[in-house]
Ligand SMILES: Nc1ncnc2c1ncn2[C@@H]1O[C@H](COP(=O)(O)OP(=O)(O)OP(=O)(O)O)[C@@H](O)[C@H]1O
Ligand SMILES: [Mg+2]
């Protein structure tokens, strides 16, 4: 469902190019929940942002639901992302002037879904993440863990095929971290949504079905390939 092929990326600072990802290859199956593990600066967020179509790699291909998103132009990519991709940020990124329910509904506002259906879906998701009764509150009235639950509900409302989460428990204490992890694991099981979760914590990664480890921009346990891969391959 997600295939990363020979992804390399560099950043330019001043006149210098620094390579931060070196020919990354791996495949994630539909419904899997995998961790992207690595220490600070290993390239986790860069790889995640590339997979989520938030930026373009200098080399390689990223297939999501058989579409190479690297090849898509700006408008097509935006449309593809709205339809197929959800994102959960470390710092929640909720809109402070909107209520909890309005935040969750927001992705559907761009999809001409009627307000009634939008609210109905949002309330259902808020219940699934344990926030029933909080729909008319504002983000600032919620704890960090509750805000992250709102952002999880928001990421799910378009029924994406894959959700990318960048350190989703990075701002939370260990008890709240456990609650959020439990919710993510439960949603993965019940909704069969594919999750790619970035973390630098082994304890978090160990809860996922598989772990991909990045070190200094190299994937140390991906699908190693000497040459360009063939297009159809057996899933691992
Ligand atoms: N926009 C940018 N311009 C220049 N260099 C960048 C940029 N973004 C990231 N880098 C560099 O790329 C490397 C990988 O960064 P990245 O943010 O992907 O790491 P990370 O594994 O997510 O780290 P952390 O755990 O601290 O979030 C780092 O050396 C970083 O300095
Ligand atoms: Mg990061």
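Legend: translational diffusion of region 22-101 by Stokes-Einstein, Rh = Kirkwood radius over C-alpha pairs, 10 °C, 1.306 mPa s; D = 109 µm²/s. Round to the nearest 10 and give me the degree value, 0 to 90, for the angle of helix 144-156's Cα axis relative to the longest principal axis of the chain. So the inclination is approximately 70 degrees.
Measuring spread by the Cα atoms of region 68-191 yields a radius of gyration and Dmax of 14.3, 43 Å.
Summed over qualifying helices (DSSP H, 4 residues or more, each -39500 (n - 2.57)) and divided by its residue number, the chain shows a 222 nm mean residue ellipticity of -10000 deg cm²/dmol. Comparing mean-square fluctuations of 12, 56, 134 from a GNM of the chain with C-alpha springs under 10 Å, the top value falls on 12. Working from Cα positions, state the angle (0 to 90°, nearest 10) between the long axis of helix 115-128 and the longest principal axis of the chain. With rounding to tens, the tilt is 80 degrees. The DSSP beta bridges internal to the chain are antiparallel in roughly 50% of cases. This ranking places 119, 149, 210 by how few other beta-carbon atoms lie within 10 Å of each, fewest first, which gives 210, 119, 149.
Highest mean first, the peptides 82-90, 173-181, 109-117, 46-54 sorted by other C-beta atoms within 10 Å per residue fall in the order 46-54, 82-90, 173-181, 109-117.
For region 2-219, the fraction of alpha-carbon pairs lying more than 27 Å apart is 32 percent, rounded to a whole number.
Coordinate-derived values only; no laboratory data. Keep in mind the model is a prediction, meaning the values are calculated, not measured. Heads up, the Cβs are rebuilt from the backbone with ideal geometry, glycines too, and the neighbour counts pull from every protein chain shown.
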